[in-house]
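The values are calculated or read from the model by the stated rules, or taken from the named source; none is laboratory data. Remember, predicted model here, so these are calculated numbers, not experimental data. Cβ: placed from backbone, ideal geometry, glycine included. Neighbour counts: every protein chain shown. SASA here: full protein model, heavy atoms, side chains in, ligands and nucleic acids out. Shrake-Rupley method; radii C 1.70, N 1.55, O 1.52, S 1.80 Å.
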Amino acid sequence: MTDRQLIPAAGGVGLRLKRGESLRIIDPEGGQSGDLMAFAQDGSERMSNGRTFDYNGKVYLSTNDVLWSDRSNPLLTITADDVGRHDFLYASCSLEMYRIQYGVTGYHPNCHDNLRAALRELGVEADSLPTAFNFFMHAEVAVDGRLSLLPPKSRAGDSMVLRAEMDLAIALSACPASTCNGGAPPRPLAFEILRG
Ligand SMILES: [Zn+2]
């Protein structure tokens, strides 16, 4: 039996994955999106949405697609996916984003800070972060290039599995941005590490 661990609502967690191990990300309640950040365990490589779009030839990623690093090495392969729609275009929500787009004054929980803090606990210091893989986040790109955000397609209990292709430092955040979560307040997510 695998231990299921919580990503607290609007919070983040860090974990290490050895090559060949897999990570299952679960939406226990449905309709909640999150951010995944992956670095090589020594911090020397980081995930790259641009490389990933290039090598997969598409912006919507699902089963059998690979998430690539900025040094053109495979980081993670999606091996199972109940949801089938994720975003890899949008930057993680940040304090500045809540100020600019939501008019928030003072501190607001945000994925950028959650991911940086989780990576720091793993010994990976990153001043700025590349684009996170925004799992379960439902962004549509129209033919004219316009972007729209729709409620996540994840239903209660849905999950996806990603296999590590090298030893990785991973950070996960349960996104507090209501526009990415169908207008709902922040809810927790969960994960399991599948060792071989
Ligand atoms: Zn967020």
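All other residues with a Cβ under 9 Å from the Cβ of residue 77 taken together, and with Lys, Arg as +1 and Asp, Glu as -1, what is their net charge? Around residue 77, the charge tally is -1. Computed over the stretch 1-99, the Cα gyration tensor eigenvalues convert (square root of 5λ each) into semi-axes of 21, 18, 16 Å, ordered from largest to smallest.
For n ≥ 4 DSSP H runs only, could you compute -39500 (n - 2.57) per run for the chain, divide by its residues and tell me the 222 nm figure to the nearest 500?
Counting only the DSSP helices, I get -4000 deg cm²/dmol.
Between the listed residues 179, 157, 124, the Cα displaced farthest toward the positive end of the dipole of the chain, a dipole computed from Cβ unit charges relative to the Cα centre, is found at 157. Largest accessible area first, the residues 148, 22 order themselves as 148, 22 under a 1.4 Å probe with ligands, DNA and RNA left out.
Backbone amide hydrogens, once placed in the peptide plane, bring residue 76 within less than 5 Å of 67, 165, excluding anything fewer than 5 places away on its chain. Rg/Rh for the chain stands at 0.93; both radii use Cα atoms, and Rh follows the Kirkwood definition. Under a model in which nothing but the beta-carbon of Lys, Arg (+1) and Asp, Glu (-1) is charged, the chain shows a dipole of about 160 debye around its Cα centre.
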